[in-house]
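The structure appears below as structure tokens.
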Amino acid sequence: RPPAPPPPGAPTARILFLTDLHWDRQYVPGSAAACPDPLCCRGAPGREGPGAAGFWGTYGKCDLPLHTIDALLAQLPNGTGNGTGGFAAAYWTGDIPAHDVWQQSRGDQLRALRTVTALLRARLGPLRVFPAVGNHEATPVNAFPPPYVRGNRSAAWLYDAMAEAWQHWLPPAALRTLRAGGFYTAQVWPGLRLVSLNMNFCSQANFWLLINATDPAGQLQWLMGVLADAERDGEKVHIIGHIPPAHCLRSWSWNYYRIVSRFEGTIAAQFFGHTHLDEFELFYDEETLSRPVSIAFVAPSVTTYINLNPGYRVYEVAASYPGSSHAVLDHETFILNLTEANAAPPGTAPRWRRLYGAREAYGLPAAFPADWDRLVRRMQDDEPLFQLFWFHLHKGHPPREPCGAPCKAALLCALRSGRAADPALCRPLRPALPFPRVQQLWQQRRLC
């Protein structure tokens, strides 16, 4: 039974979605915006004009100063700096530290975790925040050993700190599995359950998974149990995580796809980050790969890395009422135009603005999986529509080089691919490129 639009007058709820904040505590306005290191805009100030790091952020290989993240939170609804008005919950899918991965210590990572968590608590007040673990939270980056690894090599130093920092948002049962493996479940409101996955247990960059890449933390087995209980109890489920499923190792990704297919009537929505771009991944029925059953929304990053405007997302979902689908009904993306913000007189508050609303921009009758599937097909032949999507994909600051035919084929294929390395998902698009070439283009497009 595909989801149906809510009846007229049915309540809706707005969910604030933040991902990939990447706070750089060494960001210095006026420092060099271009450098040979993987991360710039740090070091001695002294520059002005082109080539200098802007006060609010910079187009380039740069992350964000804390005052930009604070400005984002301060201007949320109510305008009081305690911006919970209009939001029912917040989902926060990780990547707190900056990209200076070659010089990070455990102390650096814990400082970032505690500083940004405290900022969210101060600015969002009583709003409940549901976090997920990103790949940059650990040091070395991407290194997340399975839970059976004990002692100093384990990730206990990180999970224990997270449980301590987030205890005011999460119930005791959620904190227990968070400490054990970095994942948890909790009720958002009556009828809606949230599952926060630790997607580092599927990451292609996590060398610990050479030991076991199938289900190294028993997380997929646990997920099936949570979904079965929710199905029995008549609950709907939102899944959040950092790394999108198609970016995962093949065995994990395909098993996850099977779980989504099995519980399509229970999983109301999926939300991810990590790529820093504004995109999505569609899931189809396993028998024919033609009927859209779910969609993983991939929201744009707060950070500018690389060459982007800062941004965040707000989802409108069906709220709590008898028979609610709890599905996503629409979403809006907000950005800070860095050119304007940095050119304003010192002391001027930055103006975050709505970049677009999904249904309005793309002419969607609804925001269910079938609507996004039709959008991908429409973009094949409607070039202005595709170019609009390309503009939004990069938060209003697209690369100078245009997206030609090979780039377009690879991107549309990615939007249809909810699981890794499956050429069958691309065939309905009649791509002119062989699938290995499509995969090469995917790798080039990954910023993070």
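The values are calculated or read from the model by the stated rules, or taken from the named source; none is laboratory data. Since this is a predicted model, take the numbers as computed values, not measurements. Reconstructed Cβ throughout: ideal geometry from the backbone, glycine too, with neighbour counts over all protein chains shown. In case anyone asks, the SASA skips ligands and DNA or RNA and just uses the protein heavy atoms, side chains included. Shrake-Rupley method; radii C 1.70, N 1.55, O 1.52, S 1.80 Å.
General remarks:
- Take the Cα of A143, step 7 Å toward its Cβ, do the same at D229, and the gap between the two points is 3.4 nm.
- Amide H contacts for Y356 (H built 1.01 Å from N in the peptide plane; partners 5 or more residues away or on another chain; cut-off under 5 Å): T333.
- For a paramagnetic label modelled on D70 (point 7 Å from Cα along Cα→Cβ), amide N atoms under 18 Å away belong, within the range 295-313, to 303.
- In order along the range 24-33, the phi-based Karplus estimate (6.51 cos²θ - 1.76 cosθ + 1.60, θ = phi - 60°) of 3J(HN,Hα) comes to 10, 6, 9, 5, 10, x, x, 7, 6, 7 Hz; Gly and Pro are listed as x.
- Expected 222 nm ellipticity per residue - DSSP helices of 4 or more, -39500 (n - 2.57), all of the chain, to 500: -9000 deg cm²/dmol
- Rounded, prolate or oblate (a/c below 1.5 giving rounded, otherwise prolate when a/b exceeds b/c) for the chain by Cα gyration tensor: rounded
- The chymotrypsin sites (Phe, Trp or Tyr not before Pro) found in the range 113-222 that occupy coil by DSSP, while having at most 12 further C-beta atoms within 10 Å, are Y148.
- Stretchable slack from A173 to L210, in nm (0.36 nm times residue separation minus alpha-carbon distance): 10.3 nm
- Inter-centroid distance (Cα atoms) of the range 286-319 relative to the range 373-446, Å: 15 Å
- Two-site label geometry, R378 and A44: point separation in nm, points 7 Å out along Cα→Cβ: 5.5 nm
- Prolate/oblate/rounded call for the range 353-444, Cα gyration tensor, a/c under 1.5 rounded: oblate
- Per-residue 3J(HN,Hα) values for the range 302-309, derived from phi via the Karplus relation 6.51 cos²θ - 1.76 cosθ + 1.60 with θ = phi - 60°, read 6, 6, 8, 5, 10, 6, 10, 7 Hz in sequence order (x marks Gly and Pro).
- Modelled spin labels at R437 and R353, positioned 7 Å past Cα toward Cβ, are 4.0 nm from each other.
- The stretch between R400 and W157, if pulled fully straight at 0.36 nm per residue, gains 83.2 nm over its current Cα-Cα span.
- Amide H contacts of L329: E316, V317, A318, each under 5 Å away and 5 or more positions distant or on a separate chain (H built 1.01 Å from N in the peptide plane; Pro and chain starts excluded).
- Accessible carbon and sulfur surface of the chain relative to its total accessible area, %, 1.4 Å: 55 percent
- Oblate is the label for the range 266-321, because a/c, from the alpha-carbon gyration tensor with a ≥ b ≥ c as root eigenvalues, is 1.5 or above and a/b does not exceed b/c.
- Surface per residue (accessible, 1.4 Å probe) for the range 12-375, Å²: 36 Å²
- Electrostatic dipole magnitude of the chain [Cβ: Lys, Arg +1; Asp, Glu -1; Cα centre; debye, to 20]: 280 debye
- Using a Förster distance of 45 Å, the FRET efficiency for A122-R291 (Cβ separation, nearest 0.05): 0.50
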